[in-house]
Amino acid sequence: MKKITIDPITRLEGHGKIEIFLDDQGGCERACLQVPELRGFESFCVGRPAEEMPRITTMICGVCPTAHHMASAKALDDLFKVDPPPAAKKIRELMYNAFQAEDHMLHFFFLGGPDFVVGPQAPSGERNILGVIARAGLEAGGKVIRMRKGMRNILRIIGGKPVMPSCALPGGVSKGISKDERKTILEAGEYSVEFCKFALGLFDDIVLKNKDYIDLVSGDVYSHRTYYMGMVDKNNKVNFYDGMIRVVDPGGKEFARFNGRDYLDHIAEHVEPWTYVRFSYLKKIGWQGFVDGEESGVFRVAPLARLNVSDGMATPLAQKAYQRMVSVLGGKPVHSTLAFHWARLVEALYASERVVELARDPEILSPDIVNRPSQTPKEGVGVIEAPRGTLIHHYQTDDRGILTRVNLIVATQNNAAAINMSVEKAAKSLIKDGKVPDGILNMIEMAFRAYDPCYACATHSLPGGMPLEVSIYGSDGKLKKSIKRG
Amino acid sequence: MLLSENGGQEMEALILGIGNPILTDDGVGIEIARRLKGAIPGLKIEETNEAAVVLIDYVAGYDKLIIIDSIKTGQGRPGDLYKLSLEDLDKAAGPSSAHSMDVATAFEVGRSLGCKMPESVSIYAVEVRDNSCFSEGCTKEVAEKIPSIVERIIVEEKL
C-alpha cells in the first residue's frame, strides 16, 4: 500500500495532516485527517475558581477567543443561576457579532476564498490573499483591512483588547458603552454592512457567474447528506448568542429542539484509535461509522448548518441574501460542503446588521450591566454559536465555586466526522491511477477548508508552518518521492 | 515609545510578544515582552496569540518592530535565542501556508495593501521544550534563560 502525507495543511488554522492510503491500482483506499493533541486542559482548570474561566478559555485558541469567552460567560450565568440585565446581554451580543463578522471575513478573504477567487487549479503560490487581491483589485484589499480594523476596534472598546477579551462576568459585563463609543461602533458596523454587500457582490461576479465553480459546488464530490445542528431564536431565525439548539434531518425535517443545558441527552462522542479528536454524533441515532444519510448519527455545524436548521435570518439584507442562496442551490437543506463559504458571507452580513441594530438600541447605553450572583454554584452549561459551529462549555464546582470538572465540546469536534468523510470522498473521486498532482491535492484540501476547521491552535512557535510537503511511499513502505511546495 | 537609533533619529517602535501564556513554553515571547516593559516602562508592548494576517493590525504604522516568539527547531537547547530576519522566515515558509503568513507574508500582504509596515524588523525566537501541555509558566530550562535573554535584547536593540 502506498502512503501519501500532506503535512501541514495549508491555510488551516492550526496544525494537522491528511493521510491518503492508495490501493494497488493507485486509487484512494482510505483517507483521514490527523491533528496533534494539546494536553491537560481539564486538569489545568480543575481547582481554580470558576469565574476565572472566561479569562482562561480565551487563551485556548488564538482564532476564536471571543467565542470561548462568551460560552464561558454563559456557563457562569447558568452555574451561579444569575440572569444578566437586558443591557448586558445586548452588549455581549453586540461584541459577539462584531467578532463573528470579522472572523468570517478573515476566512473568506485569506483562507477559504483563494480556492474560489483565484481558482482551485491555480498554482499553489497564487492561491492566497495576494492572489485574491490580484483578481479582486487593490481596493478590495483595502476594504478588508478597514472592515476588520473597525470590528476589532469594537472588540477593544467592549472587551478591553481585540484578542483575549476580559469583559464578561457571571451575570453581566464589567463595563458599559458610552455615547462616544456607540458612535464609533455604529460607524464601524455601518461600514461592515456595506463591505459585506460588496463581498457578496464579489462572490456573485467571480464565483456564481463561473459555470465550472457552480458545477463544483453542486457536484457530488463535495456533497454529504447529513443532519445539521445550530442555534435558533424563537422564530427559528439564526442566532449566534442565545436560543435553542435545533437539529434537522437530511431531508430538512426537525429532528430535535433542545436547551443547550440538555446537550448530553443529544450529543455523544466516538473515539478512534488513530486520532485524539473525539467525533460528536447524535446520541438518539447512534454511531454508525463515517457515513452519511438518515441512519447515521453524523451531523454538521457552522455556517451552512445554521442556515439549514433555520427558517432565515433576523435582519433584512441578510434575509435577502439567505433566500437567494437557498434558491440558487435548489432549496434546503443545502448539502454541498463548498456552500459553507457562501453561507459564511450571508452570516457576516447578518452579524454586521445586528451590530448596527444593537448599537442603535437606546438600552445599549444603560449603566445597569450586571446582576450579582447570590446562589450556591454547582453546575453550569453555556452554549454559543462559534464561527466554526456550536460550542459548549460545561462546568461543575463545589459549593465554593471551585471547579471539579470541565467539559468542552468545541465546534470542530462536532464537524470532525463530516470533515473526515469529506476529505475521503474528495480523495476517492479525484485520485486515479496513483496520480496526485498539486491541483488535485488542493481540491482535496478544499473539502476540509470549507469547514474552517480549528484544532486547538494556540501554538504559535516560529516558523509556524513549513511548506506543504507530500511524501509518497511505495508498497514496501519506503519513501519513493517527496514533493515540496510553498 | 520613541526609540533613539541611527544617530538620534526618533522611531516609533513596537515590541510584539507572540504566544500562548497557558501553553508552557509557548508563552515565552509574551513573558519576555512583559519583562522588557517592567525594565523599561515607556516601551510600547502588545501581546497576542493570534496568527496569520492579523499581525498587520498590530504592526502597521510603526517604524520599528521587535517580535519575540518561540521556536521549535528541535536542534538547539531549550532557552537558546535566535535572531532572525524577515528574509530568514521567507526562506523557511512560503506564502501558501496559514502559519507562514505569520510574519513574512503578513508584511508582503500589508505592503501590497498600502499599509505602512515597519522598516526595521527584528525577530527574536526562543527555542522551547514543551509547547503542547497546558500550564502557566515556562519549563525550568527555558525560564532560567529568560533574564539573560531580556538583557541581550535590551543591548542588541539599544532599548
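The values are calculated or read from the model by the stated rules, or taken from the named source; none is laboratory data. Nothing here was measured: the structure is a model prediction, and the numbers come from that model. With ideal geometry, Cβ positions are generated from the backbone for all residues, glycine too; neighbour counts draw on all protein chains shown. Just so you know, the surface numbers come from the protein's heavy atoms only, side chains and all, with ligands and any DNA or RNA stripped out. Shrake-Rupley method; radii C 1.70, N 1.55, O 1.52, S 1.80 Å.
For the pairs A:LYS74/A:LYS332; A:LYS237/A:LYS332; A:LYS209/A:LYS432; A:LYS74/A:LYS175; A:LYS89/A:LYS197, note any where the Cα-Cα span goes beyond 19 Å.
Cα-Cα > 19 Å for A:LYS74/A:LYS332; A:LYS209/A:LYS432; A:LYS89/A:LYS197; rest within.
Efficiency by 1/(1 + (r/R0)^6): what FRET value for A:GLN25 and A:THR404, r their Cβ-Cβ distance, R0 = 41 Å, to the nearest 0.05?
Step by step, r from the Cβ atoms, then E = 0.15.
Please arrange A:TYR213, A:TYR395 by accessible surface area, largest first, computed with a 1.4 Å probe and ligands excluded.
Listed by decreasing accessible area, they come as A:TYR213, A:TYR395.
With a 1.4 Å probe and every protein chain left in place, tell me how much accessible area B:ARG111 has, in Å² to the nearest 10.
120 Å²
With a ≥ b ≥ c the root eigenvalues of the C-alpha gyration tensor of the stretch A:225-303, is it rounded (a/c under 1.5), prolate (a/b larger than b/c) or oblate?
Judged from the Cα gyration tensor, the stretch A:225-303 comes out prolate (a/c at least 1.5, a/b above b/c).
Taking the Cα centre of the stretch A:211-305 as origin and charging only Cβ (+1 Lys, Arg; -1 Asp, Glu), how large is the dipole, in debye to the nearest 20?
With only Lys, Arg, Asp and Glu charged at Cβ, the dipole is about 340 debye.
Among the listed pairs B:LYS37/B:LYS64; A:LYS179/B:LYS37; A:LYS149/A:LYS211, give every one whose C-alpha distance is greater than 24 Å.
The answer is A:LYS179/B:LYS37; A:LYS149/A:LYS211.
Give, rounded to the nearest 20 debye, the magnitude of the charge dipole that the protein assembly as shown has about its Cα centre when Lys and Arg contribute +1 at Cβ and Asp and Glu contribute -1 at Cβ.
Taking the Cα centre of the protein assembly as shown as origin, the dipole is about 620 debye.
Rank these residues by their accessible area, most exposed first, probe 1.4 Å: A:ASP398, A:ASP78.
A:ASP398, A:ASP78
Could you report the accessible area of B:LYS145 in Å², rounded to 10, computed with a 1.4 Å probe on the protein chains as they sit in the structure?
Around 70 Å² of this residue is reachable by solvent.
Could you tell me what percent of the DSSP beta bridges with both partners in the protein assembly as shown are antiparallel, to the nearest 5?
75 percent
Excluding ligands, DNA and RNA, what is the accessible area buried between chains B and A, summed over both sides, using a 1.4 Å probe, to the nearest 100 Å²?
The buried area between B and A, both sides summed, comes to about 4000 Å².
Which distance in nm do the two modelled labels at A:TYR276 and A:LYS320 give, with both placed 7 Å along the Cα-to-Cβ direction?
4.7 nm
Just the accessible area per residue of the protein assembly as shown, please: how many Å² with a 1.4 Å probe?
For the protein assembly as shown, the solvent-accessible area averages 36 Å² per residue.
Could you tell me which residue out of A:SER174, A:LEU186, A:ILE129 lies farthest along the dipole of the stretch A:57-196 toward its positive end? Charges go on the beta carbon: Lys and Arg +1, Asp and Glu -1, centred on the Cα centre.
A:SER174
Which of the three applies to the stretch A:278-396, rounded, prolate or oblate, going by the alpha-carbon gyration tensor with a ≥ b ≥ c and a/c under 1.5 meaning rounded?
Judged from the Cα gyration tensor, the stretch A:278-396 comes out oblate (a/c at least 1.5, b/c at or above a/b).
Is the C-alpha gyration tensor of the stretch A:199-260 telling us rounded, prolate or oblate? Criteria: a/c under 1.5 is rounded; beyond that, a/b larger than b/c is prolate, otherwise oblate.
The shape class here is oblate.
Protein chains only, probe 1.4 Å: how do A:LYS179, A:LYS89 rank by accessible area, largest first?
A:LYS179, A:LYS89
So what's the gap between the Cα centers of the stretch A:95-140 and the stretch A:335-380, to the nearest angstrom?
Here the two parts' Cα centres lie 24 Å apart.
Under the 0.36 nm per residue contour assumption, what length would be gained going from the current alpha-carbon distance of A:GLN375 and A:GLU190 to full extension?
Here the answer is 62.5 nm.
Just name one of A:GLY112, A:CYS196, B:VAL28: the one whose Cα is farthest towards the positive end of the charge dipole of the protein assembly as shown (beta-carbon charges, Lys/Arg +1, Asp/Glu -1).
A:CYS196
Suppose every Lys and Arg Cβ carries +1 and every Asp and Glu Cβ carries -1, with no other charges. What dipole size does the stretch A:287-436 come out with about its Cα centre, to the nearest 20 debye?
Dipole of the stretch A:287-436, to the nearest 20 debye: 520 debye.
Along Cα→Cβ, 7 Å out, is where each label goes; now give me the distance between the ones at A:SER366 and A:GLU269 in nm to one decimal.
3.7 nm
Which of the GluC sites (Glu not before Pro) across the stretch A:36-89 are loop residues per DSSP, with 16 or fewer other Cβ within 10 Å?
Loop-located and lightly packed - A:GLU37.
Residue separation times 0.36 nm, minus the C-alpha to C-alpha distance between A:ARG48 and A:LYS283: what's the value?
81.5 nm
Just the accessible area for A:VAL63, please: 1.4 Å probe, Å², rounded to the nearest 10?
Accessible surface of A:VAL63 is approximately 20 Å².
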